[in-house]
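One structure is given below, encoded as structure tokens.
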Amino acid sequence: MSVQTGRQQPDYRGSYHFSPKANWINDPNGLVHYDGEYHLFFQYHPFGTIWGPMHWGHAVSSDLVHWEELNIALVPDEHGAIFSGSAVVDWNNTSGFFSDGPGLVAVFTHHAETPGRPFIQHQSLAYSADRGRTWTKYEGNPVLRSEAPADFRDPKVFWHADTSSWVMILACGQVVKLFRSPDLKNWTESSSFGDGIGCHDGVWECPDLFPLAVDGDSSRIIWVMLVSVGAQPNLAEGSRTQYFTGNFDGRTFVPDEASRQIRWLDYGRDNYAGVSWSDVPAEDGRRLYIGWMSNWHYANQTPTEGWRGAMTIVRELTLETHGAQTVLVQRPTRELEERRRPLLELGRSSAEELNEALDKLAPRLPDGYEVTVRVPEGVSFGVRVKEGAGAADVKSGTLIGVDAAANTLYVDRTRSGVSDFHELFAGRHTAPLHDPVAESAGGALELRIFVDRSSVEVFAGDGKAAVTDLIFPRAGANGISVSADEAEEKEGAFAVEEFRLYAIGGEA
Ligand code: FRU
């Protein structure tokens, strides 16, 4: 059950999503795996629930689902606030920071602001020899200076084995720049990417660059570049993340044909600044990703109390061939799947049959759950989650579904609950369902819908399209129902091939 505050505000803290105990967070930072732990650092303002002087907060997990929040890792200093960045394991002590074996090195942006002057951003280092519990800033900071005030931030660093060098990808206004270093301290620019390609609606931020084996075939490597694009007041989408595919030789990224088209990682409003984990053990080999579940349009106004901001569920990214296309696919991790408990499993069913079963289940429905549904081709089908009391036509709720005529997947949060904190919050967000997303397994499209106290994350076509949206249901709104094409129902046909509902989290 939701914990009610004195003002009857529902508890919006996700039951299986990371959010800070108190105060403001934004981007995930310093994602690195080391010694059995996944580290999640994050942009953190410890003195308020709105964005402010940035620190790096810190959490660790052994299973990517349960996070333990630790002490603040990095605090502002004479060079400025601590903006986004990454962390790596320096296995061979190339930096010389460690006297005994490997250690962790964080590479981050120092953001300096003097009243009346434009800000300036430089890249700096900190290191930890005790599994990330305490950090020492490098006395030679900054290690990569901006020549002039400009957007110059969010370093993502990785070891490029083929050329035995560290590589940094950095967001620089409307392009990303690539740098190389033997020791993490001395950096040389090798190339720039972004001119005349991709979406330039806003400032480029939080890039990432990593190789993926197509269909798991290690002889077919394609590099994936993620670039987050900042919000513009006049564009409804706000902040979102695009991706490119191509080749990278350690110095230059060469985009492939498919990258001529703008491609979005997520069609929802609330998945931004996401990047991937470094140093996931080779025997595991997954490329694991997490995003900040908000949008700069309204991130400072969302109606939570005492804390603000959460992360998406962790997703595994893969590249898969579908027809003539290579698609970036994202799926929830197996660790999250292992936490599920089945509550309902139905085969071919009409909407009426499903609603009967859901009504019976209602008293046992937890705040966090997954719905997996297989919708036959050509059928419009919707699931309404976090439904509030009232007659059917005035009920509040978030509608997630397939529009067969428009060939889209949608999340409609126009009546999802509290939305008056920003004019651009209420709305309907769609993802196209053309092939290869709609390419169906057995004539049906699979939707996986992850619902929590203040979010929905929808994966369609086995992870080929994603929509992530925040929602703020009113107290007590935890109903669920389905609807289908009237035509389908009249003919007595079934609305779904299969419908499953799993509890996620600790509640029964
Ligand atoms: C992205 C971002 C980054 C910056 C950080 C500041 O959301 O704007 O570019 O480093 O947030 O908190």
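The values are calculated or read from the model by the stated rules, or taken from the named source; none is laboratory data. Bear in mind the structure is a predicted one, so any value in this text is a computation, not a measurement. All Cβ positions, even for glycine, are placed from backbone atoms using ideal geometry, and neighbour counts span all protein chains on display.
Is it true that Gly30 is over 24 Å from Arg334 (Cα atoms), at pLDDT 95 or above and within 16 Å of the ligand (Cβ to nearest atom)? Considered against the rule, which asks whether it is over 24 Å from Arg334 (Cα atoms), at pLDDT 95 or above and within 16 Å of the ligand (Cβ to nearest atom), Gly30 comes out as no.
Does any residue of the range 202-217 turn out to be acidic (Asp, Glu), within 16 Å of the ligand (Cβ to nearest atom) and touching a strand residue (DSSP E or B) at 6+ places or on another chain (Cβ under 6 Å)? Checking the range 202-217: at least one residue is acidic (Asp, Glu), within 16 Å of the ligand (Cβ to nearest atom) and touching a strand residue (DSSP E or B) at 6+ places or on another chain (Cβ under 6 Å). Going residue by residue through the range 124-140, is there one that turns out to be of a type outside the set (D, E, K, R), in contact with a Pro (Cβ under 9 Å, 6 or more places away or on another chain) and surrounded by 22 or more Cβ atoms within 10 Å (Cβ to Cβ)? The answer is yes, given that some residue of the range 124-140 is of a type outside the set (D, E, K, R), in contact with a Pro (Cβ under 9 Å, 6 or more places away or on another chain) and surrounded by 22 or more Cβ atoms within 10 Å (Cβ to Cβ). Among the candidates Tyr44, Tyr16, Tyr38, the residue that is away from the ligand (no atom under 16 Å from the Cβ) and in a strand (DSSP E or B) is uniquely Tyr38. When the residues of the range 175-193 are filtered to those that are within 16 Å of the ligand (Cβ to nearest atom) and among the hydrophobic types (A, V, I, L, M, F, W, C), the one that is surrounded by the fewest Cβ atoms within 10 Å (Cβ to Cβ) is Val175.
Restricting Gly140, Gly202, Gly196, Gly173 to those that are over 27 Å from Glu113 (Cβ atoms) and modelled with pLDDT of 95 or more reduces the list to Gly196.
Just so you know, in the range 152-174 the residues that are part of a loop (DSSP other than H, G, I, E, B) and surrounded by fewer than 18 Cβ atoms within 10 Å (Cβ to Cβ) include one that is nearest to the ligand (Cβ to nearest atom), and it is Gly173. Selection within the range 218-230: residues that are among the polar types (S, T, N, Q) and more than 23 Å from the chain's Cα centre (by Cα). The member of this set that is nearest to the ligand (Cβ to nearest atom) is Ser218. Go through the residues of the range 249-259 one by one and say whether even a single one is within 16 Å of the ligand (Cβ to nearest atom) and either modelled with pLDDT under 95 or closer than 24 Å to Ala431 by Cβ (or both). Checked against the condition, which is being within 16 Å of the ligand (Cβ to nearest atom) and either modelled with pLDDT under 95 or closer than 24 Å to Ala431 by Cβ (or both), the range 249-259 yields no hits at all.
Of everything in the range 298-321 that is of a type outside the set (Ser, Thr, Tyr) and farther than 18 Å from Pro28 by Cα, the residue that is farthest from the ligand (Cβ to nearest atom) is Glu320. Against the conditions (1) over 25 Å from the mean Cα position of the chain (by Cα); (2) closer than 28 Å to Gly238 by Cα, Ser181 satisfies every one except (2).
For the range 463-507, the strands (runs of 3 or more DSSP E) that sit wholly inside it and include 3 or more residues that are in contact with a helix residue (DSSP H, G or I) (Cβ under 9 Å, 6 or more places away or on another chain) and modelled with pLDDT of 90 or more are 479-484, 498-504.
Strands (runs of 3 or more DSSP E) fully within the range 225-289 that include at least 1 residues being in contact with a helix residue (DSSP H, G or I) (Cβ under 7 Å, 6 or more places away or on another chain) and buried (at least 16 other Cβ atoms within 10 Å of the Cβ): 240-248.
With a requirement of 1 or more residues that are touching a Ser or Thr at 6+ places or on another chain (Cβ under 6 Å), within 14 Å of the ligand (Cβ to nearest atom) and assigned by TED's automatic domain parsing to the domain that holds Ser165, the strands (runs of 3 or more DSSP E) lying completely within the range 50-122 that satisfy it span 81-90, 103-112.
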